[in-house]
Amino acid sequence: MGTSREIARNLLDIEAVKIRTDDYFTWTSGIKSPIYCDNRLTMSYPELRTNIAEAFVQLIEQMDQKPDVIAGCATAGIPHAAWIADKLDLPMVYVRSKPKGHGKGNQIEGTIEKGQRVVVIEDLISTGGSSIEAAKALQQEGADILGVLAIFTYGLEKSKQQFKKAKLTYQTITGYDEILKLLAADGKIDEEEKRKLQGWREEL
């Protein structure tokens with residue numbers, strides 16, 4: 001079983017990914033969706049989180065340039081960034097969604113130096129907004145962003161366009177298409193439901 005399919009299977013097994021075709025979830029962005037992915041649950045499963053970290057490391061090793069620093073997006077990207085940084089013996093920072101309202105007012109916690117190559121770690125990509133904002137905060141400090149890596153993507157066209165506009169690249173371990181294949185293979189969804197789930201994304 002390939003890494004993408006294996007991780008997708010694991011996410012379904014721990015119920016990190018849930019599908020509801022009759023009662024849509026509401027995302028933070030306000031989007032109504034038949035799928036919800038909560039990768040925070042992966043922290044509670046040592047074998048799975050190790051497999052995820054190793055999958056991230058494989059993606060990083062395939063990059064033309066290697067990072068000097070691993071950056072986690074607050075909050076769900078932070079633990080994965082820590083495990084990756086540990087495996088690669090690299091420094092780590094994390095990026096808040098906005099600067100702190102007290103103390104030094106930091107948005108980036110940890111030490112980042114101008115010119116350092118950085119890989120940004122996120123738990124999932126929906127519209128891409130939070131990942132892009134984190135990357136921009138790092139760029140403002142002079143960092144060279146090699147790319148954004150995430151566990152899961154819904155594969156929305158909006159995210160592709162946003163990353164393109166921001167002149168950033170992203171890769172994910174697995175995603176929505178892999179989940180649909182597994183659900184269909186398991187008999188959890190029929191062809192009509194599969195078409196409905198595919199159509200939802202195409203209509204966004």
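The values are calculated or read from the model by the stated rules, or taken from the named source; none is laboratory data. Predicted model, so just to flag it, every value in this text is computed and none were measured. With ideal geometry, Cβ positions are generated from the backbone for all residues, glycine too; neighbour counts draw on all protein chains shown. Quick note on the areas: whole protein, heavy atoms, side chains included, nothing else; ligands and nucleic acids left out. Shrake-Rupley method; radii C 1.70, N 1.55, O 1.52, S 1.80 Å.
Beta-bridge orientation, the range 79-169: approximately 20 percent antiparallel, per DSSP, counting only bridges with both partners inside.
Derived value for the range 108-200: Kirkwood hydrodynamic radius 14.7 Å. Basis is the mean of 1/r over every pair of different alpha-carbon atoms. Remark: relative contact order (the range 1-50) = 32 percent; criterion is Cα-Cα distance under 8 angstrom and separation of 6 or more residues. Over the C-alpha atoms of the range 53-158, the Rg to Rh ratio, Rh being the Kirkwood estimate, stands at 0.95. On a C-alpha basis, how far is the centre of the range 134-204 from the centre of the range 57-109 in Å? Whole number, if you could? The distance from the Cα centre of the range 134-204 to that of the range 57-109 comes to 20 Å.
Residues whose amide H lies under 5 Å from that of GLY72, counting only those 5 or more places away or on a different chain, are VAL93, TYR94, VAL95, ILE121; hydrogens are built 1.01 Å from N in the peptide plane.
When you count the other C-beta atoms within 10 angstrom of each residue and take the mean per peptide, 51-57, 195-201 line up highest first as 51-57, 195-201. Mean residue ellipticity, 222 nm, helices only, the chain: the sum of -39500 (n - 2.57) across DSSP H runs of n ≥ 4, divided by residue count and rounded to 500, is -13000 deg cm²/dmol.
Solvent-accessible surface (1.4 Å probe) assigned to LEU204 amounts to roughly 100 Å². Normalised by 2.2 N^0.38 Å, where N counts its residues, the alpha-carbon radius of gyration of the range 86-147 equals 1.12.
Average 1/r across all pairs of distinct alpha carbons in the chain, invert it, and you get the Kirkwood radius: 17.5 Å. Relative contact order, whole percent, for the chain stands at 18, derived from Cα pairs under 8 Å and 6 or more residues apart.
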